[in-house]
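To start, the structure itself, in structure tokens.
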Amino acid sequence: MSDLRELYQTTILDHSKTPRNFGKLETANRTAAGHNPLCGDRLTLYLEVDGGVVRSAGFEGSGCAISTASASMLTEAVTGKSVSEAETLFQTFHQWVAGSGEADLFSDDATGLGKLAVFGGVREFPMRVKCATLAWHAMSSALAGDGATVKTE
Amino acid sequence: MTRLAPSDVMQLRKDFPILDQEVNGHPLVYLDNAATSQKPRAVIDAITHHYERDNANIHRGVHTLAQRSTQGYEGARTKLARFLGATDSREIVFTRGTTEAINLVASAFGPTVLGAGDEILVSEMEHHSNIVPWQLLCERTGAKLVMAPMDDRGQIDMAAFRERLSARTKIVALVHVSNALGTINPIEELVELAHTAGAHTVIDGAQAAAHLAIDVAALGCDFYATSGHKMFGPTGIGALWARAELLEAMPPWQGGGEMILTVTFEGSEYNEIPHKFEAGTPNVAGAVGLGATVDYLETIGMERIAAWEHELLEHGTEVLSTIPEIRLIGTAEKKAGVLSFLVEGVHAHDVGTILDLEGIAVRTGHHCAQPVMDHFGVAATTRASLAFYNTKEELDALGAGLRKVLEVFA
């Protein structure tokens, strides 16, 4: 059970069962869709950006526990952050869960990730990294403002 | 013929080296046979023997190794023809797999019978490989792809099928056994209806040949596509069976060596069937491995395999029915060993990951049959698919694994 609990941490299960900021954000001025064709997961991420700061965030869609929890915790984590802080957080998060393609390049530095560090267990499950990063790719696309659907494939 | 007893199955499992291992600290329970099946020692040895002793290019060499390789390759063709109930081994064209076999029919045969306004009829439960080649053909010819719907048990709606057949229908392409649902379609009846309407029939046998005794003559179809790796043979080899007169009349598909008799810059004379459709050096070792697979399956007997798998399916259905949170998708009256299901409140990928940690390999996702998922209004299912080397104890382990899934997500 150790690997199992490593991946499905209590915080992740909590956010997957009771996602925060779930639903369309009416005040959003940046949105992007994310799609994982492998499993059919789809989500839409909504951001309200004002003065270079993410004022609020929300999402809707359906997905596995990892992708739902990741989206839910993203919306909490980026609210109040500047656009560049949010982008930096994405980079740190991505390295934390996926490394840079090689197992030994995994970042051991969870500094600044706060609660998001619970996704570290995903690194033992390479097939699930895309689940954890789907919402973050959508956020990055929304902030870039190109509005393109982000695909994990 | 005596039925396979659990003790026979335990003995047969020893033929499959891969099954004897632990995954994530648990004995491997391999229930992803519809994706690919495992290979018996006899097949692995045949491929090794080919490369260690016999390897040469086939057909034109006069030396001993070339003769051995040619005999291995052509011998496999003869074995596969007999295995599928064909009377003439020239009716077997080796391909990379089922997908390539269907693409061959669509590309080489399709345009000879189709024009703008004609129709190709497929069922709602087709694998993408029996949809997309026909869509490409429709783009080329101006023909239209028509879909015959299924009911909520995952069976072709026969009345709708009859209704959608017409004088415009030139090709009817149907799956024999559904990979996503397990449904065994009434191919003989469907083929007869299609032929009465004047259409040619193409059957996707990818999921059938490993589990049922196939007799193309009895099925009555025009084309039958099959795969090596789904029936305990190597990947990268499969076959198209087609009636000889159809192959004779069809233009070549790919050009190159092997498929010609003479070549000049003024023109080329094509080789006889089936070589006309086998341009380039083929997958000789793959064919040799497939030949060994046929030998292996014939020593067990396909009727005994089908009977044991049916017993497993009934047991697995029973195991899943004791868990109220599970809903089976695909409950056809005639079914092969596929258990596709939803776990209430848990996404298929989470189910798959937790089962994997218990050493249980299942498939999660849309199973390359998105229209099937759309029919049932789901994005993905978890699928346990059986082979004769599976045991009832393994299905009990699946049940226990699913209870663990529910525990985690309680």
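The values are calculated or read from the model by the stated rules, or taken from the named source; none is laboratory data. Quick caveat, the model's predicted, so the values are computed rather than measured. Reconstructed Cβ throughout: ideal geometry from the backbone, glycine too, with neighbour counts over all protein chains shown. Note: areas computed on protein heavy atoms with side chains; ligands, DNA, RNA excluded. Shrake-Rupley method; radii C 1.70, N 1.55, O 1.52, S 1.80 Å.
Of B:363, B:383, B:304, all but one fail to be under 27 Å from residue B:80 (Cα atoms) and in contact (Cβ under 8 Å) with a residue 40 or more places away in the chain; the exception is B:304. Selection of the stretch B:177-204 for residues being among the small types (Gly, Ala, Ser), outside any helix (DSSP H, G or I) and closer than 25 Å to residue B:152 by Cβ yields B:178, B:180, B:182. When the residues of the stretch A:1-25 are filtered to those that are over 15 Å from the mean Cα position of the chain (by Cα) and in a loop (DSSP other than H, G, I, E, B), which remaining residue is surrounded by the most Cβ atoms within 10 Å (Cβ to Cβ)? Looking at residues that are over 15 Å from the mean Cα position of the chain (by Cα) and in a loop (DSSP other than H, G, I, E, B), I get A:8. Would you check which residues across the stretch B:244-298 are without any contact (Cβ under 8 Å) to a residue 60 or more places away in the chain and among the hydroxyl-bearing types (Ser, Thr, Tyr) and list them? Matches in the stretch B:244-298: B:262, B:264, B:268, B:270. On the stretch given as the stretch B:127-147, residues that are free of Cβ contacts under 8 Å to residues at least 40 places away in the same chain and surrounded by fewer than 21 Cβ atoms within 10 Å (Cβ to Cβ) total 11. For the stretch B:106-134, residues that are within 17 Å of residue B:274 (Cβ to Cβ) and within 16 Å of the chain's Cα centre (by Cα) total 0.
If you go through the stretch B:111-126 and keep only what is surrounded by 18 or more Cβ atoms within 10 Å (Cβ to Cβ) and more than 27 Å from residue B:35 (Cα to Cα), you end up with B:114, B:118, B:119.
Considered as a group, the residues in the stretch A:34-62 that are open to solvent by 70 Å² or more (accessible area, probe 1.4 Å) and in a loop (DSSP other than H, G, I, E, B) include one that is nearest to residue B:128 (Cα to Cα), and that residue is A:38. The helices (runs of 4 or more DSSP H) found wholly in the stretch B:23-137 and carrying at least 3 residues that are touching a Pro at 6+ places or on another chain (Cβ under 9 Å) occupy B:41-49, B:98-104, B:110-113. Would you confirm whether any residue within the stretch A:26-33 is within 14 Å of chain B (Cβ to nearest Cβ) and surrounded by fewer than 20 Cβ atoms within 10 Å (Cβ to Cβ)? No, the stretch A:26-33 has no match at all. Looking only at residues of the stretch B:1-22 that are over 18 Å from residue B:293 (Cα atoms) and out of contact with any Leu (no Cβ under 9 Å at 6 or more places or on another chain), we find that the one that is least open to solvent (accessible area, probe 1.4 Å) is B:5.
Scanning the stretch B:200-207 finds no residues that are under 26 Å from residue B:298 (Cβ atoms), of a type in the set (Ser, Thr, Tyr) and open to solvent by less than 30 Å² (accessible area, probe 1.4 Å). Selection of helices (runs of 4 or more DSSP H) fully inside the stretch B:305-410 by the criterion of at least 1 residues being open to solvent by 30 Å² or more (accessible area, probe 1.4 Å), more than 11 Å from every other protein chain (Cβ to nearest Cβ) and under 23 Å from residue A:18 (Cβ atoms) returns B:392-408.
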